[in-house]
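The values are calculated or read from the model by the stated rules, or taken from the named source; none is laboratory data. A quick note: this is a predicted structure, and the numbers were derived from the prediction, not measured. Neighbour counts run over all protein chains shown; Cβ positions are idealised from the backbone, glycine included. We work out accessible area using only protein heavy atoms, side chains counted, and drop any ligands, DNA or RNA first. Shrake-Rupley method; radii C 1.70, N 1.55, O 1.52, S 1.80 Å.
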Amino acid sequence: MIKIYDSKNITAQEIISRQIADESAVEQAVEEIISQVRRVGDYALFDCCRRFDGVELAELAVSEQEILEAKQAVGEEFYMILRKAAQNIYDFHIRQKREGFMFTKAGGQVLGQRILPLKRVGLYVPGGTASYPSSVLMNAIPARVAGVEEIIMVTPPNKQGKIAAEILAAAEVAGVKKIFKLGGAQAVAALAFGTQSVPAVDKIVGPGNIFVAMAKRKVYGVVDIDMIAGPSEILIIADAAAEPRLLAADLLSQAEHDKLAAAVLITVDKAQAEAVAAELERQIPQLPRAEIARASIDDNGKIIVAADLMEAARLSDLIAPEHLELAVADPFALMSRIHNAGSIFLGRHTPEPLGDYFAGPNHVLPTGGTARFSSPLSVDDFVKKSSYIYYTKEALAAVRDEVATFAAREGLTAHARSILMR
């Protein structure tokens with residue numbers, strides 16, 4: 001059963017505590033896989049498919065025919081839902097796109113910044129026993145908006161060597177054309193270093209299990225990565241008028257993800273806290289993923305009774321949640337008190353799954369308290385910036401002595417000579 005705390009009797013450490021898994025065995029296994037992929041390329045990928053996915057593949061690449069069949073298999077209704085979601089995501093992210101700038105200063109100086117898209121990006125999409133077409137849309141569409149030339153998608157096959165039709169249909173909607181039947185650390189290694197079949201990319205984005213996360217950490221520096229995502233999190237701040245059954249349902253929307261997922265409610269009403277706890281007990285057995293939700297709620301769930309909404313906002317900032325619901329009468333006023341959150345859901349009619357699938361803002365969000373200093377996936381993640389400088393001969397002459405003096409103070413004589421010799 002979920003634990004209920006009074007804010008006066010819970011420490012800061014208890015409020016922000018998160019489970020940390022022992023990753024030593026995972027790290028060793030991932031290092032071996034990466035090394036194998038770097039040494040023998042495609043051969044290692046086929047071998048990993050046999051060992052980890054239990055399937056013997058003839059080809060790693062998904063054919064155009066498979067994509068066409070997937071589009072037909074999902075049916076017109078779901079295909080149109082994918083298209084509507086994709087349009088919402090596009091409409092939100094197009095507003096993030098920025099242009100470079102240039103300005104001149106008196107005396108012959110021109111300064112500026114260029115913003116250029118990455119050339120090739122790798123997109124990891126979980127698959128095999130699960131199907132997450134939303135991950136395709138949320139990662140691919142911002143890359144397309146940024147102007148990325150080529151997206152290479154990898155996703156693990158099922159035991160029949162197939163990719164879920166929903167994933168392939170989402171890829172078609174998002175304009176992803178190169179797809180490989182690869183999962184796990186081997187897929188990340190292939191994207192980072194390239195093989196005979198899989199092109200090397202500049203950046204890898206997308207969620208995955210602990211092996212994928214570890215592999216992304218290991219290849220960072222060879223390529224860029226989006227983030228190291230941890231278990232899913234939801235925090236709800238509720239006033240006394242919020243309905244317990246809806247609060248429980250929203251907590252479970254994230255608890256069903258993973259046994260390590262964290263679902264937290266901060267309320268100003270003790271009776272409501274107890275009612276939500278009772279609702280969780282009623283609703284959990286009704287879920288197909290009841291075992292997962294039960295472990296998440298019992299091990300990582302919390303209900304905290306705060307003195308008022310201002311204290312609730314302060315406690316929320318300590319947690320810095322991935323998803324934050326403000327189930328209160330005036331959510332916009334309360335949002336002004338919030339500084340640390342990945343995505344904020346305002347009011348009683350904006351449950352978190354809207355953001356997962358359809359509303360438009362990105363669902364790839366900082367977890368594990370990293371919303372204190374990091375942001376959701378955006379168009380900015382798929383561009384690079386270069387600054388530029390132009391001085392005329394006269395402009396250089398006007399500052400030559402000052403620059404040379406600066407260099408001399410740092411003991412870098414060759415720097416000063418480079419200026420003074422002109």
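Suppose we keep just the DSSP beta bridges with both residues in the chain; what percent of those would be antiparallel, to 5?
Numbers: 15 of 53 bridges.
Taking every DSSP beta bridge with both residues in the chain, the antiparallel ones total about 30 percent.
Quick check for me: using +1 on Lys/Arg Cβ and -1 on Asp/Glu Cβ, what's the dipole size of the range 27-117 about its Cα centre, in debye to the nearest 20? Write down the numbers at each step before the final one.
On the way: 12 positive and 15 negative charges, 192 e Å.
In total the dipole reaches around 920 debye.
List the relative contact order of the chain as a percent without decimals, with contacts defined as Cα pairs under 8 Å and 6+ residues apart.
Values: 825 pairs, mean separation 85.0, N = 422.
It rounds to 20 percent for the chain.
Determine the distance separating the Cα centre of the range 136-172 from the Cα centre of the range 373-403; give it in Å without decimals.
Spelled out, the Cα-based centre of one part sits 35 Å from the other.
Might you report the magnitude of the Cβ-based charge dipole of the range 173-247 about its Cα centre, with Lys and Arg at +1 and Asp and Glu at -1, to the nearest 20 debye?
Details: 8 positive and 6 negative charges, 100 e Å.
Charge dipole, the range 173-247, about its Cα centre: 480 debye, nearest 20.
Ranked highest first by the average count of other Cβ atoms within 10 Å around their residues, in what order do 354-361, 52-59 fall? Each step should come with its number before you reach the end.
Values: 354-361: 17.8, 52-59: 13.6.
The peptides rank, most packed first, as 354-361, 52-59.
Among 210-218, 289-297, how do they line up by average Cβ neighbours within 10 Å per residue, starting with the highest? Don't skip to the answer; put the middle values down first.
Numbers: 210-218: 21.8, 289-297: 19.6.
Taking the mean over residues of other Cβ atoms within 10 Å, the ranking is 210-218, 289-297.
How much solvent-accessible surface does Phe101 expose, in Å² to the nearest 10, with a 1.4 Å probe and all protein chains in place?
For Phe101, solvent-accessible area is about 110 Å².
Put +1 on the Cβ of each Lys and Arg and -1 on the Cβ of each Asp and Glu in the range 27-179; which of Gln113, Gly147, Ala169 then has its Cα farthest toward the positive end of the dipole?
Gln113
Kindly identify the range 1-131 as rounded, prolate or oblate by the Cα gyration tensor criterion: order the square roots of the eigenvalues as a ≥ b ≥ c, call it rounded if a/c is under 1.5, otherwise compare a/b with b/c, prolate if a/b is larger, else oblate. Please report the intermediate quantities before stating the final value.
Numbers: a/c = 1.42, a/b = 1.11, b/c = 1.29.
Since a/c stays below 1.5, the shape of the range 1-131 is classed as rounded.
For the chain, what are the DSSP H helices with axial Cα length of 30 Å or more and mean Kyte-Doolittle hydropathy of at least -1.0? It would help to have the intermediate numbers written out before the result.
Values: long enough: 64-93 (31 Å, -0.45).
Answer set is 64-93.
Amide H of Ile304: which non-local residues (sequence gap of 5 or more, or other chain) have their own amide H closer than 5 Å, using H built in the peptide plane?
Tyr5, Leu265, Ile266, Thr267
Along the charge dipole of the chain, Cβ charges K/R +1 and D/E -1, which of Ala241, Pro126, Gly301 sits furthest on the positive end?
Checking the options against the dipole of the chain, the answer is Pro126.
Any of Lys8/Lys270; Lys216/Lys302; Lys259/Lys302; Lys71/Lys178 with alpha carbons more than 19 Å apart? Name them for me. Before the final figure, lay out each step's value.
On the way: Lys8/Lys270 13 Å; Lys216/Lys302 31 Å; Lys259/Lys302 14 Å; Lys71/Lys178 16 Å.
From the list (Lys8/Lys270; Lys216/Lys302; Lys259/Lys302; Lys71/Lys178), the Cα-Cα distance tops 19 Å for Lys216/Lys302.
Go through Lys218/Lys384; Lys181/Lys218; Lys159/Lys203 and tell me which ones have a Cα-Cα distance over 24 Å in this structure.
Checking Cα-Cα distances, Lys159/Lys203 exceed 24 Å.
Please give the charge dipole size of the chain, origin at the Cα centre, charges +1 on K and R Cβ atoms and -1 on D and E Cβ atoms. Round to the nearest 20 debye.
Working: 45 positive and 53 negative charges, 347 e Å.
Computed about the Cα centre, the dipole is about 1660 debye.
So what's the gap between the Cα centers of the range 43-85 and the range 174-190, to the nearest angstrom?
That distance is 10 Å.
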